[in-house]
1. SER101 - would you say it is modelled with pLDDT of 95 or more, hydroxyl-bearing (Ser, Thr, Tyr) and surrounded by 14 or more Cβ atoms within 10 Å (Cβ to Cβ)?
2. What are the residue pairs meeting all of these: first residue in segment 293-318, first residue in contact (Cβ under 8 Å) with a residue 24 or more places away in the chain, second residue aromatic (Phe, Trp, Tyr) and open to solvent by less than 60 Å² (accessible area, probe 1.4 Å), Cβ atoms under 7 Å, and 6 or more apart or on different chains?
3. I need the full set of residues from segment 85-114 which are within 20 Å of GLY226 (Cα to Cα) and not aliphatic (A, V, I, L, M), in order please.
4. Can you tell me which of PHE250, PHE262 is among the hydrophobic types (A, V, I, L, M, F, W, C), touching a residue at least 12 places away in the same chain (Cβ under 8 Å) and farther than 19 Å from ILE318 by Cα?
5. With (1) more than 20 Å from ASN222 (Cα to Cα); (2) modelled with pLDDT of 95 or more as the list, and LEU190 as the residue in question, which single condition is left unmet?
6. Can you name the condition, by its number, that ALA205 falls short on among (1) within 27 Å of the chain's Cα centre (by Cα); (2) at pLDDT 95 or above?
7. So which residues in segment 42-65 are buried (at least 19 other Cβ atoms within 10 Å of the Cβ), without any contact (Cβ under 8 Å) to a residue 40 or more places away in the chain, of a type outside the set (S, T, N, Q) and in a helix (DSSP H, G or I), if there are any at all?
8. Assuming GLU185 fulfils every condition listed in (1) open to solvent by 50 Å² or more (accessible area, probe 1.4 Å); (2) free of Cβ contacts under 8 Å to residues at least 40 places away in the same chain; (3) more than 23 Å from the chain's Cα centre (by Cα) apart from one, which condition is it?
Amino acid sequence: MVKMSEHINFSHYSVLLKESVDALAPEKGGIYADLTLGGGGHSLEILKRMPQDSRLIAFDQDIDAITASKIRLHDYIDRVTFVNENFSNLAFTLKSLEIASLDGVVIDLGVSSYQLDTPERGFSYMHDAPLDMRMNKCSGISAYDVVNTYSKDTLKKIIYEYGEEKFAPRIAAKIEAARQLKPIETTFELVSIIRSAMPDGGRSAEKHPAKRTFQAIRIEVNNELGVIKPAILAAASALKPGCRLAVITFHSLEDRLVKNLFSSLVNPCTCPPDFPVCVCGKKPIAKHVTHKPVLPCKNELDENSRSRSAKLRIIEKI
């Protein structure tokens, strides 16, 4: 088993960095929010560009991210307010900080490289570690709890829906059988069980057999999909007219949710299509800046293979 790191090296390649920060235009100044601080890459670029009298609100539920980013952002520390909260609490936080509006918001929904590459965090199927996967190390539920206490049917549902894993029934059955003998405690124990559930020919040469199941459990542990809607609605509500919200997603479940939320802000009308005029009274509060998602360029893909699934969507407040 890998020993705990003696220091925090919260490295993270900031995907679609230029494209997302360009969209916010921090050069005009104001109050900006980075709702997923992570390694601080997007925050640093925003701070470099914005005037000295501007302010950045930086959210992260992982205290390790905040600790490391305080060092990385040291030269601009007087302009940053760090918030150790899940970004779904944006509306409450802005109220408590007495901030009435924002001039730009960026959300990078990807898991940080630090979390994936630090074995003891238990996110990765490539390192042996205790099953954990909590982005907030103080939160109650862990991957161990999900794997060992959820019913077989619930596990099957999570793995199928959140991991889009076609072998979910087989994997859930193997997990149930294994935990009847002893608790499943480590990532490699779970990987071995997942491998045993794969039929001959069911393993892709390009993808690790545990990739989808680990994604599904991580999403469940951190309620990753459930927190997106309140954050986006709060961000859109707080933006000043003419200001933008940029959201980077990394898998189809996130992207579909963001796409639909953006569409509901751009065209909230619920009247039947054959109605000659709108009678519901719901008016757009935003417009699309990108009708199709922005994808990483070839150079970025060459530099960082983890960016291959990234998509950037941008809306502007009306």
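The values are calculated or read from the model by the stated rules, or taken from the named source; none is laboratory data. All of these numbers come straight from a predicted model, not from anything done at the bench. Cβ placement follows ideal geometry from the backbone for every residue including glycine, while neighbour counts extend to all protein chains displayed. Areas reflect the complete protein model, heavy atoms only, side chains present, ligands, DNA and RNA absent. Shrake-Rupley method; radii C 1.70, N 1.55, O 1.52, S 1.80 Å.
1. Taking the combined requirement at face value, the residue satisfies it.
2. The qualifying pairs are SER309/PHE250; ALA310/PHE250; ARG313/PHE262; ILE315/PHE262.
3. Within segment 85-114, GLU85, ASN86, PHE87, SER88, ASN89, PHE92, THR93, ASP108, GLY110, SER112 qualify.
4. That would be PHE250, the only listed residue that is among the hydrophobic types (A, V, I, L, M, F, W, C), touching a residue at least 12 places away in the same chain (Cβ under 8 Å) and farther than 19 Å from ILE318 by Cα.
5. (1)
6. Single failed check for ALA205: (2).
7. Listed by number, the residues that qualify are LEU44, GLU45, LEU47.
8. Tallying (1) open to solvent by 50 Å² or more (accessible area, probe 1.4 Å); (2) free of Cβ contacts under 8 Å to residues at least 40 places away in the same chain; (3) more than 23 Å from the chain's Cα centre (by Cα), GLU185 fails exactly one: (2).
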